[in-house]
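Worksheet: one structure, shown below.
The values are calculated or read from the model by the stated rules, or taken from the named source; none is laboratory data. Keep in mind the model is a prediction, meaning the values are calculated, not measured. Using ideal geometry, Cβ is built from the backbone for each residue, glycine included, and neighbour counts are taken over all protein chains shown.
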Amino acid sequence: MTSFTDSFSTAVSLISAPDPQLWSIVARSLWVSACACALASGLGMVLGAALGATRFAGRQAVLALLNTFLAVPSVVVGLVVYLLLSRSGPLGHLGWLFSLKAMVLAQAVLVLPVVTALTRQVVEDAFERNGEQLRSLGAGSLLTGTLLAWDERYALLTVLIAAFGRAISEVGAVMVVGGNIEGFTRVMTTAIALETSKGDLPLALGLGLVLLAVVLVLNALVGVLRRGLLQLEMAA
């Protein structure tokens, strides 16, 4: 108990000091995850809306494949991206391996099925309620998906938060493609794993507290944003 108390006290001191090492890791983590979510969300929401608003032969097979990708371990994603970016891989000429770009790519690949699947479910539920009405008015599949996605934009904010939470809490893929290099590719999750194995519990605990705080603040902001936008629409 004393060890935990001392570690927690030191962790709080590192956060409030602020400790340059800790906050540089935090900033790097936020940048990588934000870029990955932006890439994955741009493509994933389009694909999800299309899947939710269209019916075609083989759709169930596509959905089964999508749901399978949701369960792929992050280290497998890291391995695939590593092979693509390695010197002998098809993208080896980019020279991205063991860089932040490789970590962004790995997280984007990991998050893409999450965004696609959740968006598809949101839009499909909306399609069951309003899809036939839109079709009767002459809206095609693309327009129907776009309108339904816009109508469910507040629910899609939750999808973005889920995607960001998945990205920033990931450890396996970014460690494989980033190498966990101090000062360059070390992020919160990889630093927590390393510092815990080294016995530096205060730094690991401090990073863990910041990680929890980031997710908590983002969820709170989304709640405030949703209420604010609803109030503005009602006032208009």
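For this structure, a couple of remarks:
- Hits in the stretch 151-207 - residues which are buried (at least 20 other Cβ atoms within 10 Å of the Cβ), among the polar types (S, T, N, Q) and without any contact (Cβ under 8 Å) to a residue 60 or more places away in the chain: THR190
- Residues that are at pLDDT 80 or above and surrounded by fewer than 22 Cβ atoms within 10 Å (Cβ to Cβ), drawn from the stretch 131-150: THR146, LEU147, TRP150
- Unmet requirement for PRO18, which otherwise passes all of (1) more than 23 Å from ALA149 (Cα to Cα); (2) assigned to a helix (DSSP H, G or I): (2)
- Condition check for GLY95: surrounded by fewer than 17 Cβ atoms within 10 Å (Cβ to Cβ) and on the phi > 0 side of the Ramachandran plot: yes
- When residues of the stretch 190-204 are limited to those that are hydroxyl-bearing (Ser, Thr, Tyr) and touching a helix residue (DSSP H, G or I) at 6+ places or on another chain (Cβ under 7 Å), the one nearest to SER24 (Cα to Cα): THR190
- Pairs linking a residue in the stretch 29-40 that is among the polar types (S, T, N, Q) to a residue that is outside any helix (DSSP H, G or I) and buried (at least 24 other Cβ atoms within 10 Å of the Cβ), with Cβ atoms under 9 Å and 6 or more positions apart or on different chains, are SER29/VAL187; SER33/GLU170; SER33/VAL187.
- Residues of the stretch 90-147 satisfying the condition of being in contact (Cβ under 8 Å) with a residue 12 or more places away in the chain and of a type in the set (Lys, Arg): ARG120
- Scope the stretch 11-49; condition of a type in the set (Val, Ile, Thr) and modelled with pLDDT of 85 or more; matching residues: ILE25, VAL26, VAL32, VAL46
- Check on GLU128, assigned to a helix (DSSP H, G or I), crowded, with 16+ Cβ neighbours inside 10 Å and either modelled with pLDDT of 85 or more or of a type in the set (D, E, K, R) (or both): no
- Among the residues making up the stretch 41-72, those that are assigned to a helix (DSSP H, G or I), free of Cβ contacts under 8 Å to residues at least 12 places away in the same chain and either surrounded by fewer than 17 Cβ atoms within 10 Å (Cβ to Cβ) or not hydrophobic (A, V, I, L, M, F, W, C) (or both) are GLY42, ARG59, GLN60, ALA61, VAL62, ALA64, LEU65, THR68.
- Count of residues meeting criterion [over 17 Å from the mean Cα position of the chain (by Cα), farther than 30 Å from TRP150 by Cα and of a type outside the set (A, V, I, L, M, F, W, C)] in the stretch 52-93: 8
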